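The values are calculated or read from the model by the stated rules, or taken from the named source; none is laboratory data. The structure presented is a predicted model; accordingly, all values stated were derived computationally and were not measured. Here Cβ is always computed from backbone atoms with ideal geometry, including for glycine, and neighbour counts include all displayed protein chains. Side chains are part of the model used for accessible areas, which takes the heavy atoms of the whole protein and leaves out ligands, DNA and RNA. Shrake-Rupley method; radii C 1.70, N 1.55, O 1.52, S 1.80 Å.
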Amino acid sequence: MDQIQENKIALTEYAHGAGCGCKIAPAVLQEILNTHATLPFYDKLLVGNDSNDDAAVYQLNDEEALISTTDFFTPIVDDAFLFGQIAAANAVSDVYAMGGNPLLAVAILGFPVETLPVSVAQQMIEGARNVCATAKIPLAGGHSIDSREPIFGLAVNGLVKTKHLKRNNTATEGDYLLLTKPIGVGILSTAQKRKKLLPEHYEEWTQQMIKLNSIGAALGAIEGVTAMTDITGFGLLGHLLEMTKGSNLSMELYYDKVPILASARQYAAERIIPDATYRNWNAYNPFVQFEAGVNVMEAFNILPDPQTNGGLLVAVKEEGLEQVRQRLIENGYDSFTEPIGRMIARNEKVIYVK
């Protein structure tokens, strides 16, 4: 809470969105990416914009591939150093979500130089350097522009052994799904923006957003893991849909097994939810069916909640489940070893919330 009191410049007041909640709506993004042009074929491009995956992947040789990604957004916290940490951790996450390890990063900075002191931008960079050091990669350069709103993020390159590459659309029928962080960060972000976030919830909110998803590299090496992605601005529901539809399957989601921040439930009950939640839900509603007994109102508030540097969503075959659980426990993820759902044959709806 000291950070809130000591910070004299409220960065979030200089931006219309917050973190991954400022992402363009799923339906609008699809319209933007739509093309009638015949795109050239690159035989070494293993993952490109023909799918909705976390990063591009280019084959380097018989054993390795290059992962390339970029991610940036407007402030989600008022503290500039913390904002830099969160933005950096969120960008690096895409490499881990593909099963790889990051190599280096360059910064992307948009800054209102006539509105805010340059010391604020300097602190954003320092925060990113801190996270890059934790990830054991250099922040090796970058690019900056003068913009009306502060924007910050990274472009990150990484390496992955081709046999360990994980995509978000290669799950198989019968796979179990696990999630490595609780959801609800978007709700807490909205509570902070509305000045309703309680002091005791500040630490859990910010620490979750700066925690690296480095466990992804270890999970990627497990043969039983069939697909993986990280949860960001489209919420758990959106990324479940990408994985399930992309794999031509349906799924059962066990709502009572989904890890949810208790504080997020509290604020959701007070109708403190991001505008992006409605935007996300409008895009996903036709593909979802709620079974009897599910708290639909709470699920509506939480499942499409936009996450910033959310956890990894992991699809794993039944025979690989124990190995994944063991790897999670070894790395301090004891609370995230229970499946939150299972892939089933394609049905009328895509997601059945039970």
- Counted residues in region 64-91 being buried (at least 24 other Cβ atoms within 10 Å of the Cβ) and out of contact with any Gly (no Cβ under 9 Å at 6 or more places or on another chain) come to 1
- Just checking, how many residues over region 236-263 are in contact with a His (Cβ under 9 Å, 6 or more places away or on another chain) and open to solvent by less than 10 Å² (accessible area, probe 1.4 Å)? 1
- Item | Filtered residues of region 264-275 (kept if under 12 Å from ILE302 (Cα atoms) and either open to solvent by less than 10 Å² (accessible area, probe 1.4 Å) or of a type outside the set (Gly, Ala, Ser) (or both)) | ALA264, ARG265, GLN266, TYR267, ALA268, ARG271, ILE272, ILE273, PRO274
- Note on the structure: region 6-116: strands (runs of 3 or more DSSP E) wholly inside it with 1 or more residues that are modelled with pLDDT under 95 are 45-47, 56-59, 64-73
- Taking into account only those residues within region 144-156 that are surrounded by fewer than 19 Cβ atoms within 10 Å (Cβ to Cβ) and not β-branched (Val, Ile, Thr), which is nearest to LEU109 (Cα to Cα)? SER144
- Query: Here are ALA191, ALA140: which of them is assigned to a strand (DSSP E or B), small (Gly, Ala, Ser) and over 14 Å from the mean Cα position of the chain (by Cα)?
  - Reply: ALA140
- Task: Take the residues in region 328-354 that are charged (D, E, K, R) and over 21 Å from the mean Cα position of the chain (by Cα), then tell me which one is surrounded by the fewest Cβ atoms within 10 Å (Cβ to Cβ).
- Result: GLU348
